[in-house]
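What follows is one structure encoded as structure tokens, with my remarks underneath.
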Amino acid sequence: MNLSQAFESMLNNIRKESPLIHHITNYVTANDSANAVLALGGSPVMADAEEEVEEMVAFASALVLNMGTLNSQRTHSILLAGKRANALGIPVILDPVGLGTTKLRQSLMAKILQEVSLTVIRGNLSEIMHLYDPSVVPRGVDSILSSGEGAEEIAKVLAQRHHCTVAITGEFDVVSNGRVTYRIGNGTSHLSKITGTGCMSSSLIGLCCASGAPPLHAALLGLSIMGISGEIAGEGLQPGEGLGSFKVRLFDAFSHFTIKDYLERGKIYEVQE
Amino acid sequence: MNLSQAFESMLNNIRKESPLIHHITNYVTANDSANAVLALGGSPVMADAEEEVEEMVAFASALVLNMGTLNSQRTHSILLAGKRANALGIPVILDPVGLGTTKLRQSLMAKILQEVSLTVIRGNLSEIMHLYDPSVVPRGVDSILSSGEGAEEIAKVLAQRHHCTVAITGEFDVVSNGRVTYRIGNGTSHLSKITGTGCMSSSLIGLCCASGAPPLHAALLGLSIMGISGEIAGEGLQPGEGLGSFKVRLFDAFSHFTIKDYLERGKIYEVQE
Amino acid sequence: MNLSQAFESMLNNIRKESPLIHHITNYVTANDSANAVLALGGSPVMADAEEEVEEMVAFASALVLNMGTLNSQRTHSILLAGKRANALGIPVILDPVGLGTTKLRQSLMAKILQEVSLTVIRGNLSEIMHLYDPSVVPRGVDSILSSGEGAEEIAKVLAQRHHCTVAITGEFDVVSNGRVTYRIGNGTSHLSKITGTGCMSSSLIGLCCASGAPPLHAALLGLSIMGISGEIAGEGLQPGEGLGSFKVRLFDAFSHFTIKDYLERGKIYEVQE
């Protein structure tokens, strides 16, 4: 089965089953993540109290953990829900928002890696670089990249190290499961000018994981939905329209997304070693 | 006075008085609820700290309690504000989000029913079913309904049991105060594909209660505003537009809502026993 | 350098440097504030845990403190971050949401004034009146104003008292640094009918402070961006469009805002004593 056949089957499954995606996430973009999941046919639930996350995750087909607007209570809930999801065989997607900025996030990341088995980690380049090498300060990112050790290599090494799929989003996206590595060429610069596109990407990957597909395929489809929908939204802008309209059109594109959009626009390339 | 005359008077009162609606609600849809209340002419305030909810509710004309993204602190605040609202004669609307999923929500529900006198309870069918009979598991909902004991009967029994008005939203809506029961036929399937329409419905019922109308009328008008605005938004969609545009048009319809919309489109039927 | 030259330089700096604006803010409008900052070219971060705010603010070029959906944890974080920002020379903008309603907010305000040196305070008239004279109850606002002691005088006195710039927003806006006082005549009544325009105004002032400009200029530009963008959004409304479309067009206007909009529409008048 090639990628597009796999994607078609995943999209059909999601619309048919409407899987529940449990989020422990930040309050800045929770509304956006919920609407993105709904627009693709899934069913989102946001719940982050220590007293109930273990019960809630048992209803879910995927768990999305997001480190935005972190606090000590949510830290605890993330670990509880992650461990319970592992015990139940539910895929766990981690979005390490702001990793590298504070000790609270660094310490949670270390605990997650120790206690929870992750299915997919999705972050931007500076978050993922910090995971790759915590001693690297932001200034160091450019030098490492320009010295030839690129995002593809980092994704692959991290995937092998943590036995999961790693997705790095940016000007182009990279996804690796440690054995195969892909580069995705879809997207538009508008996506970086509204809040929540990173969080929504993680939610969409969670939704795709819930369809029962291999994590590598789920990450590729989730990021393709975001990139392609962003392109459609950007191209649809009328004279005078800006980022407000772009966001509206992004959700329009989510809700109309079909395999046809991928077939016409998808830009996934396997990276040859 | 018939229903449409009552509604006209309520809508006029709201736009004239701009009543303050105190919400203790979740962070996923708080922005949507605030904008829905504003669009109809009310004045929303969201405040959920134990230290201040009793003071805040004293300024309000209605209190909306929403169990989404519940935590132990908000649990405590819900009870404090509810009791204070009762003491002050301020109507209390409860939205038991996710009732039936976790013990935290079940336990809060039990405490609310023991300590707070509710004016209106609004939920979807599975939430209300769990209130009707906590032993009913989701799978059981269909069987009970298909055995003839429908949503109307459940709303009526619950309204009598808890001495309040009960509103069930879904493909069609049901409202009962235990003596009279209505079915509302407005709405569109789009409303279930964006987050927040349930929460906004509860906020709109709170807003209508604040106009001083009987809770039964307030629930009927609140749900009619949501259903009819949803219809207008859905019919206004242009080719290529999807759920992003639908949400924008929904708020457009809220802000233009008048009694004329109800007169042209309202579908409220009294259920005959 | 006149105001418009100063503004042009500030707008250019923001788009060039993309300064990080650290927010400790409420969950109702956090998404709106983040998108407003992004649309103008800044980089928002929302983080409110006591464990990390001191580290986070060190990365920022401005700190925006907002008292909406206050709780005891966020109260503590506001003080920690404010003091750290002072130590680092980072401008601090305070939005005293709901000041005058509860003791929690009054007590936090007192502590902030004692422990944190503020750069700009922005509030609506009743919040600022309470700061001016805590014994004034809302009913008293009108009498004081009608007795001739207007918003300009209040802004000026408060600016002198707290050694900062004070901005009052409403039907018209007033900004004073205690020596010079301005009145801004831009805006539209639509801005008061969606949630978040006050919070976004404070975020935009923070963004303008981050450009290194004098706080007086930053407050004037921040409020001019909001008022002028509101005018453009309101004028762009098509037949049938309402508050949903207005909000979309507001963000469109933010993302297209240039000095040309100010030159064509700006209405800043110095108040003569």
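Restrict the check to the stretch C:41-53 and report whether at least one residue is within 18 Å of C:SER203 (Cα to Cα), part of a helix (DSSP H, G or I) and in contact with a helix residue (DSSP H, G or I) (Cβ under 6 Å, 6 or more places away or on another chain). Within the stretch C:41-53 (the criterion being within 18 Å of C:SER203 (Cα to Cα), part of a helix (DSSP H, G or I) and in contact with a helix residue (DSSP H, G or I) (Cβ under 6 Å, 6 or more places away or on another chain)), the answer is yes, since at least one residue qualifies. Output the residues belonging to the stretch A:78-98 that are more than 9 Å from every other protein chain (Cβ to nearest Cβ) and of a type outside the set (A, V, I, L, M, F, W, C). Result: A:GLY82, A:LYS83, A:ARG84, A:ASN86, A:GLY89, A:PRO91, A:ASP95, A:PRO96. Exactly one residue out of A:GLY206, A:GLY230 is touching a helix residue (DSSP H, G or I) at 6+ places or on another chain (Cβ under 9 Å), part of a helix (DSSP H, G or I) and closer than 22 Å to A:ALA85 by Cβ, and it is A:GLY206.
Screening the candidates B:LEU243, B:LEU223 for the property of being touching an Asp or Glu at 6+ places or on another chain (Cβ under 9 Å), more than 12 Å from chain C (Cβ to nearest Cβ) and closer than 17 Å to B:THR119 by Cβ yields one hit, B:LEU223.
Taking every residue in the stretch A:1-14 that is farther than 16 Å from A:LEU204 by Cβ and at pLDDT 95 or above and pairing it with any residue that is assigned to a helix (DSSP H, G or I) and among the aromatic types (Phe, Trp, Tyr), at least 6 positions away or on another chain, the pairs with Cβ-Cβ distances below 8 Å are A:SER4/A:TYR262.
Listed here are the residues, each with its yes/no results for (1) within 9 Å of chain A (Cβ to nearest Cβ); (2) without any contact (Cβ under 8 Å) to a residue 12 or more places away in the chain; (3) buried (at least 24 other Cβ atoms within 10 Å of the Cβ).
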{"site": "C:TYR27", "(1), (2), (3)": "yes, no, yes"}
{"site": "C:GLY41", "(1), (2), (3)": "yes, no, no"}
{"site": "C:MET56", "(1), (2), (3)": "yes, no, yes"}
{"site": "C:SER61", "(1), (2), (3)": "no, no, no"}
{"site": "C:ASN66", "(1), (2), (3)": "no, no, yes"}
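Does B:ALA47 qualify as being in contact (Cβ under 8 Å) with a residue 24 or more places away in the chain, buried (at least 24 other Cβ atoms within 10 Å of the Cβ) and within 8 Å of another protein chain (Cβ to nearest Cβ)? Here the answer is yes, as B:ALA47 does meet what is asked. Between B:GLY234, B:GLY212, B:GLY240, B:GLY230, the distinction of being over 17 Å from B:ASN31 (Cα atoms), at pLDDT below 95 and touching a His at 6+ places or on another chain (Cβ under 8 Å) belongs to B:GLY240 only.
Of all residues assigned to the stretch A:99-110, at least one qualifies as being surrounded by 24 or more Cβ atoms within 10 Å (Cβ to Cβ) and within 9 Å of another protein chain (Cβ to nearest Cβ). Look at the stretch A:255-271: where a residue is within 23 Å of A:SER33 (Cα to Cα) and away from chain B (no Cβ under 14 Å) and a partner is surrounded by 11 or more Cβ atoms within 10 Å (Cβ to Cβ) and among the charged types (D, E, K, R), sitting 6+ places away or on another chain with Cβ atoms under 9 Å, you get A:ILE259/A:GLU8; A:TYR262/A:GLU8. Could you tell me whether any residue of the stretch B:163-175 is crowded, with 22+ Cβ neighbours inside 10 Å, in a helix (DSSP H, G or I) and of a type outside the set (Lys, Arg)? So far as the stretch B:163-175 goes, no, none of its residues is crowded, with 22+ Cβ neighbours inside 10 Å, in a helix (DSSP H, G or I) and of a type outside the set (Lys, Arg).
In the condition set (1) more than 10 Å from chain B (Cβ to nearest Cβ); (2) without any contact (Cβ under 8 Å) to a residue 24 or more places away in the chain; (3) within 20 Å of A:ARG122 (Cβ to Cβ), A:ASN31 is compliant with all but (1). Close contacts from the stretch A:106-134, counting a first residue that is in a helix (DSSP H, G or I) and a second that is at pLDDT 95 or above and among the charged types (D, E, K, R), with Cβ to Cβ under 7 Å and a gap of 6+ residues or different chains, come to A:GLU115/A:LYS83. For the stretch B:1-23, a tally of residues being in a strand (DSSP E or B), among the hydrophobic types (A, V, I, L, M, F, W, C) and surrounded by 24 or more Cβ atoms within 10 Å (Cβ to Cβ) returns 1. Each residue in the stretch A:68-77 was checked for being on the phi < 0 side of the Ramachandran plot and at the interface with chain B (Cβ under 10 Å from one of its Cβ atoms), and 3 pass.
Checking A:GLY196, A:GLY222, A:GLY240, A:GLY266 one by one, the residue that is in contact with a Gly (Cβ under 8 Å, 6 or more places away or on another chain) and surrounded by 19 or more Cβ atoms within 10 Å (Cβ to Cβ) is A:GLY222 and no other. Among (1) among the charged types (D, E, K, R); (2) touching a Leu at 6+ places or on another chain (Cβ under 6 Å); (3) at pLDDT below 95, there is one condition C:ASP133 misses while meeting the rest; what is its number? Failing condition for C:ASP133: (2).
The values are calculated or read from the model by the stated rules, or taken from the named source; none is laboratory data. Owing to the predicted nature of the structure, the values given are computational and were not obtained by experimental measurement. Here the Cβ is made from the backbone with ideal geometry for all residues, glycine too, and neighbour counts use every protein chain on show.
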